[in-house]
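Below you'll find the structure, written out as structure tokens, and then a few comments.
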Amino acid sequence: MDELRKSFHQELDDVRADIVKLAALVTEALPRATEALLNNDLVIAQDIIVNDDELDLLSVGIEESCLRILALQNPMAGDMRAVVTAMKLNDEYERSGDLVVNICKGIRRLYGLQLSPQLRGLISQMGDEATRLLRLSIDAYFEGNAGLASALDDMDDRLDDLQEDYIQAIFDDQHQEQELTTQQAVQLAMVGRFYERLGDHAVNAGERIQYMVTGEVPEHSAAARLAERTDEGQSEAGMPDEPDPV
């Protein structure tokens, strides 16, 4: 039995290492994608697109390892949460990698467009914020830090604000002799959305890490608080807890 448990924990450690590696690959690619966007660099963009196959292959391997652990080891309690969290994080980081690829594909569609200083500054800031959130989510996972994982939601507000400013700048900016074409404006807006979604995936990862550490799912806690407030409101208004039958 002891040998079986040793084998289980070794497999789980290997999965954790692969999750960290997957997330690290994404956080390394994101600044390069931002640089390529700012510099109209199709070579870097294409390199990132091609290298996404490595992320996909690693993600498939993580999923297979998790399924094998569930099928053969029958983990319980905290071990089960660790495996489920690994599967969820695998999905969050793999999708984050896809978003980085989408940014690079956007570079090809925007090739030749000279960005104004305002747009360049906002893109640079969005890239920095998205990278920071992803890296902090990795730290929270590696350390089992529920407090840091919980803080990611508030930290993401900064990226949301930047994305709103960026969208407004697209419509306000007339940095060339002619205004942006509709196609260029839409493509730029989509790029901003990709950065914003990267932050969302980091927040989602944080929620999964909180579950792994505490056993509580943040969404469920929020739902419980809402239900409690609803019940209190009904009681104060003299309303029944359950609706009358129709």
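Name the residues in region 78-119 that are among the polar types (S, T, N, Q) and more than 21 Å from Phe194 (Cβ to Cβ), would you?
Selection gives Thr85 alone.
Residues to consider are Val100, Val60; find the one that is of a type outside the set (Gly, Ala, Ser) and free of Cβ contacts under 8 Å to residues at least 60 places away in the same chain.
Checking each option against the conditions leaves just Val60.
For Pro75, which of the numbered conditions (1) assigned to a helix (DSSP H, G or I); (2) touching a residue at least 40 places away in the same chain (Cβ under 8 Å) fails to hold?
All conditions are met except number (1).
Got a sec? Which of Arg32, Arg95, Arg109 is free of Cβ contacts under 8 Å to residues at least 40 places away in the same chain and basic (Lys, Arg)?
Arg32
One residue is enough: does region 1-12 have a residue meeting the conditions touching a helix residue (DSSP H, G or I) at 6+ places or on another chain (Cβ under 9 Å), buried (at least 19 other Cβ atoms within 10 Å of the Cβ) and modelled with pLDDT of 95 or more?
Within region 1-12, none of the residues are touching a helix residue (DSSP H, G or I) at 6+ places or on another chain (Cβ under 9 Å), buried (at least 19 other Cβ atoms within 10 Å of the Cβ) and modelled with pLDDT of 95 or more.
Would region 28-36 turn up any residue that is of a type in the set (A, V, I, L, M) and farther than 22 Å from Ser124 by Cα?
No - not one qualifying residue is present in region 28-36.
Out of the residues in region 197-219 that are within 20 Å of Asp139 (Cα to Cα) and of a type in the set (D, E, K, R), which is surrounded by the fewest Cβ atoms within 10 Å (Cβ to Cβ)?
Glu216
Checking Asp128 against (1) of a type in the set (Asp, Glu); (2) more than 17 Å from the chain's Cα centre (by Cα); (3) at pLDDT 95 or above, which test does it fail?
Of everything listed in (1) of a type in the set (Asp, Glu); (2) more than 17 Å from the chain's Cα centre (by Cα); (3) at pLDDT 95 or above, Asp128 misses just condition (2).
The values are calculated or read from the model by the stated rules, or taken from the named source; none is laboratory data. The structure presented is a predicted model; accordingly, all values stated were derived computationally and were not measured. FYI the Cβ positions are ideal-geometry reconstructions off the backbone, even for glycines, and counts take in every protein chain you see.
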